[in-house]
1. How big is the dipole moment of the chain about its Cα centre under a simple scheme where the beta carbon of each Lys and Arg is +1, that of each Asp and Glu is -1, and everything else is neutral? Debye, nearest 20, please.
2. Please find, in a Gaussian network model of the chain (springs between Cα atoms separated by less than 10 Å), the residue of V52, V75, V90 whose mean-square fluctuation is greatest.
3. Around T89, under 11 Å between beta carbons, what's the net of Lys plus Arg minus Asp minus Glu among the other residues?
4. Given a Förster distance of 25 Å, report the FRET efficiency between A62 and R38 from their Cβ-Cβ distance, rounded to the nearest 0.05.
5. Between M1 and T89, what is the FRET efficiency for a Förster distance of 30 Å, r being their Cβ-Cβ separation, to the nearest 0.05?
6. Given the chain, what percent of its DSSP beta bridges are antiparallel, to the nearest 5?
7. Between T17 and L78, how many nm apart are label points set 7 Å from Cα along the C-beta direction?
8. Relative contact order of the chain, please, whole-number percent, based on alpha carbon pairs below 8 angstrom and at least 6 residues apart.
Amino acid sequence: MIPDRVVARIAARAAGTALRRITGPRQPPTDLGAPGARATTHDGTARLALSVDLPYPTDITATCRQLQREVTEKVAQLTGLNISEVMLTVRRLVVAGQPGRVR
């Protein structure tokens, strides 16, 4: 049995890697905050909750779907767990080339 906090760390790392690949060179990595993650595991199944910053402008829906899909695949591959849900929260949108928070 893998502890929830370990699954959450794996998910956060997978989300960061996937997000850098999805967004590409448009966004310097220091402008986006590190993804946060929570996990709940039970009987070989995990539910994940991720919170991320996204670059703006971007296709938010497509980026979120791809991020959910890639995190699901990577966490399942690394842990052997069935991922039943990946709930994604966008904490903030970061305008490309501008540091800090934008309102």
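Coordinate-derived values only; no laboratory data. Just so you know, these numbers come straight off a predicted model, no measurement behind them. Ideal geometry is used to build each Cβ from the backbone, glycine not excepted, and the neighbour counts take in all protein chains shown.
1. On the way: 15 positive and 8 negative charges, 62 e Å.
Taking the Cα centre of the chain as origin, the dipole is about 300 debye.
2. Its mean-square fluctuation being the largest, the pick is V90.
3. Values: positive: R38, R91, R92; negative: D53.
For residues surrounding T89, the net value is +2.
4. 0.55
5. For M1 and T89, the calculated efficiency is 0.65.
6. Roughly 35 percent of the beta bridges in the chain run antiparallel, per DSSP.
7. Taking the two extended label points, one gets 0.6 nm.
8. 32 percent
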